[in-house]
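Novice: Submitted below is the structure of interest, expressed as structure tokens.
Where a number appears in this text, it was derived from the coordinates with a stated rule and is not lab data. Fair warning: this is a prediction, and the values are worked out from it, not measured in the lab. Heads up, the Cβs are rebuilt from the backbone with ideal geometry, glycines too, and the neighbour counts pull from every protein chain shown.
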Amino acid sequence: MRFSQDLAAIHGYLCSDGYVVRNPLHQKHKYYYIGLRNTCLTLLEDFKVRCQREFNVTPNIYRKERCKFQAKEIYFKLTKNGSYYSAEWTLPDVSGKKLCIWLRAYFDCDGWVFVKGRQNRHIGLDSINHRGIKQIMKALKKFKIESKIKEIKNRKIFRLHIYKKQSLINFEKNIGFLHPDKKDKLKHAISSYVDYKWHFPEDESVLKKFVVDLISQKVEANKVGRIRITSILKQNLTTLANVLNDFFCVESKIYGPSINEYETKYYELVIQKKTEISKIRRLLYFVH
């Protein structure tokens, strides 16, 4: 079966929340139904439009929770490509944009986005189809999206998780959600990450002001007469040390990594010579 972008989306919908069924062979009354069950009207409308374009049919939306149509020829066309039952579906042989669209349709129906402050953000997916979910995991790697699968033994299902910030960003960029709530949650999940990288300007005059402002915010003075600035990224402090030395003639040393009480690794830039501390105080207009 040749896949257009519309058929890729239809196939993804059918493998997740859809059905392609016919009457039992012993039954006299014949029917051939293709449909999607979902409470998101946006997805039902997308399924309807894509079926209209791909098959030249007009599915009906019922009670804002189902979109279906009946067509014998289309039933046999679709089933030539395999089963759509939860435990039996197979990711089709598609690539590029068509693969993105298939994944989008599948995650739109069966996936979720979880956001809990800055502690846990992930995209999740459950399936009883171990082979199918492993195919999804392999497909995600093509878009630099890392994921993990674990078995939920008491429920006899497999759960896929996408955790890392860059993987969430790559998911949004390449696959995304059409489902409005999931789309918003994913944006919120990504924006909730703190950017720990200090972005030093290239312009010299702007850079000097940036460093002075940065030090005034980050500097820590202690009783033994040292000035220290900490960061979980060593590169932040390496760049800061170079700027301090090149533009302000301030010497410093970098130590670490150390582990704080929350078991987070961090580094520290330390200024401990009296002459260098005086330079920093004049720079920041400290009076001690």
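Novice: Would you work out if the range 5-84 is rounded, prolate or oblate? Take a ≥ b ≥ c from the square roots of the eigenvalues of the alpha-carbon gyration tensor; rounded if a/c is under 1.5, else prolate when a/b is larger than b/c, oblate otherwise. Please report the intermediate quantities before stating the final value.
Specialist: Working: a/c = 1.73, a/b = 1.40, b/c = 1.24.
Prolate is the answer for the range 5-84, as a/c is 1.5 or above and a/b outweighs b/c.
Novice: Based on the Cβ-Cβ distance from Thr79 to Lys187, what FRET efficiency comes out when R0 is 30 Å, to the nearest 0.05? Write down the numbers at each step before the final one.
Specialist: On the way: r = 38 Å, r/R0 = 1.26.
Calculated transfer efficiency: 0.20.
Novice: While we're here: Taking Rg and Dmax of the Cα atoms in Å straight from the coordinates, which label in (1) 28.0, 97; (2) 24.6, 79; (3) 22.2, 74 is the correct one?
Specialist: For Rg and Dmax of the Cα atoms in Å, the calculated option is (1).
Novice: Same structure, new question: Let me make sure I get this right: for the range 177-233, a, b and c are the square roots of the gyration tensor eigenvalues over alpha carbons, sorted descending. Under 1.5 in a/c it's rounded, otherwise prolate if a/b > b/c, else oblate. Which is it? Please list the in-between numbers first.
Specialist: Numbers: a/c = 4.85, a/b = 2.06, b/c = 2.36.
Verdict is oblate for the range 177-233.
Novice: What is the spin-label model distance, in nm, from Arg226 to Ser4 if the labels are put 7 Å beyond Cα along the C-beta direction?
Specialist: My value for the distance between the label points is 6.9 nm.
Novice: Cβ neighbours within 10 Å, averaged per peptide: list 235-246, 263-274 in order, most packed at the top. Let's see the in-between values first.
Specialist: Working: 235-246: 16.9, 263-274: 15.3.
Per-residue mean Cβ counts within 10 Å order the peptides as 235-246, 263-274.
Novice: Excluding same-chain residues fewer than 8 positions from Lys273, which lysines have a Cα within less than 29 Å of its Cα?
Specialist: Here the lysines satisfying the reach criterion relative to Lys273 are Lys197, Lys208, Lys209, Lys218, Lys223, Lys234, Lys253, Lys265.
Novice: Note down the net charge around Gly35, summing +1 for each Lys or Arg and -1 for each Asp or Glu among other residues with Cβ under 9 Å from its Cβ.
Specialist: Values: positive: Arg37, Arg66, Lys68; negative: none.
Neighbour charge sum, excluding Gly35 itself: +3.
Novice: Another question, if that's okay. Holding the Cα-Cα limit at 27 Å, pick out from Lys48/Lys144; Lys48/Lys150; Lys116/Lys183; Lys98/Lys148 the pairs that are longer than that. Working shown, then result.
Specialist: On the way: Lys48/Lys144 31 Å; Lys48/Lys150 34 Å; Lys116/Lys183 16 Å; Lys98/Lys148 23 Å.
Where the Cα-Cα span goes over 27 Å, the pairs concerned are Lys48/Lys144; Lys48/Lys150.
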